[in-house]
Amino acid sequence: MSDLETLQSIARLVPQGARVLDLGCGDGALLAHLQALRGCSGYGVELADANVLACVKRGVNVIQLNLDEGLSMFADQSFDVVLQIDTLQHLRNAEVMLRETARVGKLGIVAFPNFAHWPNRLAVLRGRMPVTKRLPYEWYDTPNIRVGTYRDFEALAQKNHLQVLDAFGLQDGREVRWLPNARAGTAVFKFQRRAA
Amino acid sequence: MNFADALPLQGGGSIRGYALAYETYGQLNADKSNAVLICHALNASHHVAGVYKGQPKSEGWWSTMIGPGKPVDTNRFFVIGVNNLGSCFGSTGPMHANPDTGEIYGASFPVVTVEDWVNAQARLLDALGIETLAAVMGGSLGGMQALSWTLQYPQRVRHAVVVASAPNLTAENIAFNEVARRAIATDPDFHGGNFYQHGVVPKRGLRIARMVGHITYLSNDVMNEKFGRTLRDGIELKYSTQDVEFQIESYLRHQGDKFAEYFDANTYLLITRALDYFDPARAFGGDLSLALARATAKFLLVSFTTDWRFAPARSREIVRALLDNRRELSYAEIDAPHGHDAFLLEDPRYLGVVRSYFESKVGA
């Protein structure tokens, strides 16, 4: 998911000059990109020591925090954009964190592996859990504790009163807007809180 | 360095004719933009790094962090270590004479606060011709000074590195300080703080104070790992109530004895009081976010998961208040086993983050 085209597809969703919170920011590559090319500012949130160090090394602001402990540190609507890029699937409290994302950010952008991508369906049809480039883990050692599909997320967004502003699939660095639930390995959603 | 002019103090009154002991490392660059001020905690001094000539054991208290090629690289930065007013390592303290009376200060040494120390440090920088600090840095009580710098002299600080610190002390923390102070003040050799004239030192009190302190600087895990229930002598119990039986007792007594040899009893009272009083949010109805609105520096904050004296939750309060003010910051929460002491120890994750921060941010 860290290839340049994918990163650029996500970055295009972030408004110029936005104040960004990147949950599970990894080594800070996306934030560095947003700062350098889109004039953004903000912070990454990471748990892993190595990633925290990588962020500090590249001059990206980072806050070491376990997302399973929530976002109480961040005030309502205090960021223009909150990103969860390949983070949701690792979270025990995925639904709470989705709501938190919409509480803290005026915009939320979530990307995660789409389990309904056709090669995955094929693997399950054959009776085995998929092991692909996008989902490289065996069922017994995967860190992806939330396996969901593009369509599942639509339902979850609906349930949590989130208004989806844009949604598409990503496959091989390209946006997939026709049948993304079957044709894309990654699901991307841009959303905001529905006005009460 | 001697300062003739009176320094007004937060608690009222002032102090004049005082000296501040300081050391510098590295070279101040031509535009004087590479100065880093190191603030010390309870039991430390201006001697932050390196060793004195011919004294191989005189290693500075933050030598893991500061020196040539170290995370705070003195090949690159001009580092200043300063001993605070009221301390007992060279700066004017209660063991010195009051220029107004010619008599040893003793108990009459004015109560100094973190804010007073920062003001005194600012005067030292004035005298050294340094207007702006590339960074101010400290751990524990030193971190409080670094934080206070960003509030008292926001325009003079580019970066603040605040390690294992807190925006104020909790009741439990004040309680530990009070136990230590009572141990000292109730020692018959204390003489109300004027023991110098009696030619004695309240060593019993100092020992107990240090023992209590040491317990709080370690984590339960590290204490169990280091000492466990190991007996000091052999494997047979002595069935004695007063002899040293367990290894941990031996360790604490040893630490207490060592400390009582060199530390000043009045200094202990003064410095723990400065800790108790520090509370920048107090003037803002307890609202730390309002209090930190003045700070314009960029911050690196570090805490340690097993530090229960200055717990990560306290550092997170600072992080949150800075976020509320949209300040630039990074925060590392190091999963180290060593409790509060971790800030003085060699942990590659901790030192790596500080090194990278100085390389990518402070030196940029």
Distance check, please: which entries in B:Lys70/B:Lys258; B:Lys226/B:Lys258; B:Lys32/B:Lys53; B:Lys70/B:Lys361 exceed 21 angstrom between their Cα atoms? B:Lys70/B:Lys258; B:Lys32/B:Lys53
Report the dimensions of region A:72-113 along its three principal axes from the alpha-carbon atoms, largest first, rounded to Å. 27, 17, 13
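What ranking of B:Thr216, A:Thr101, B:Thr24 emerges when the number of other C-beta atoms within 10 Å of each C-beta is taken as an exposure proxy, fewest first? Mind dumping the intermediate values first?
On the way: B:Thr216 20, A:Thr101 28, B:Thr24 15.
In order of increasing Cβ crowding within 10 Å: B:Thr24, B:Thr216, A:Thr101.
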Taking chain B and counting helices only, DSSP H stretches of n ≥ 4 at -39,500 (n - 2.57) each over all residues, the nearest-500 ellipticity at 222 nm comes to -10000 deg cm²/dmol
Debye equation applied to the C-alpha atoms of the protein assembly as shown, log10 I(q)/I(0) at 0.09, 0.13 Å⁻¹: -0.76, -1.25
Within chain B: Cβ-based charge dipole about Cα centre, in debye rounded to nearest 20 (Lys, Arg +1; Asp, Glu -1): 500
Along the positive direction of the dipole of region B:44-130 (beta-carbon charges: Lys, Arg +1; Asp, Glu -1; about the Cα centre), which of B:Val111, B:Gly93, B:Pro71 reaches farthest? B:Pro71
Reachable lysines from A:Lys190, Cα under 30 Å, same-chain residues fewer than 8 places away excluded? A:Lys57, A:Lys106, A:Lys133, A:Lys159
For B:His254, B:His46, A:His90, ascending order of other Cβ atoms within 10 Å (fewest first) is B:His254, A:His90, B:His46
Considering the dipole of region B:268-321 built from charges on the beta carbon (Lys and Arg +1, Asp and Glu -1) around the Cα centre, which of B:Gly286, B:Thr305, B:Val319 is farthest to its positive end? B:Val319
Can you show me the helix-derived [θ] at 222 nm for chain A, built from DSSP H runs with n ≥ 4 at -39,500 (n - 2.57) apiece and divided by the number of residues, rounded to the nearest 500. -8500 deg cm²/dmol
Would you work out the charge dipole size for chain A about its Cα centre, treating the Cβ of every Lys and Arg as +1 and the Cβ of every Asp and Glu as -1, and quote it to the nearest 20 debye? 600
Hey, if you put +1 on the Cβ of every Lys and Arg and -1 on every Asp and Glu Cβ in region A:22-148, which of A:Gly59, A:Trp139, A:Phe79 ends up farthest toward the positive end of that dipole? A:Trp139
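About its Cα centre, what dipole magnitude does region A:113-196 give when the only charges are +1 on Lys and Arg Cβ and -1 on Asp and Glu Cβ, stated in debye to the nearest 20?
So the magnitude is around 160 debye.
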Cα→Cβ-extended label distance, 7 Å offset, between A:Gln16 and B:Ser63, nm: 5.5
Likely footprinting exposure, B:His47, A:His117, B:His96, fewest C-beta neighbours within 10 Å first: B:His96, B:His47, A:His117
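Each reported figure results from applying straightforward, stated rules to the coordinates on display, with no laboratory input. Quick caveat: nothing in here was measured; it's all calculated off a predicted structure. Methodologically, a virtual Cβ is constructed for each residue, glycine included, from the backbone with ideal geometry; neighbour enumeration extends over all protein chains shown.
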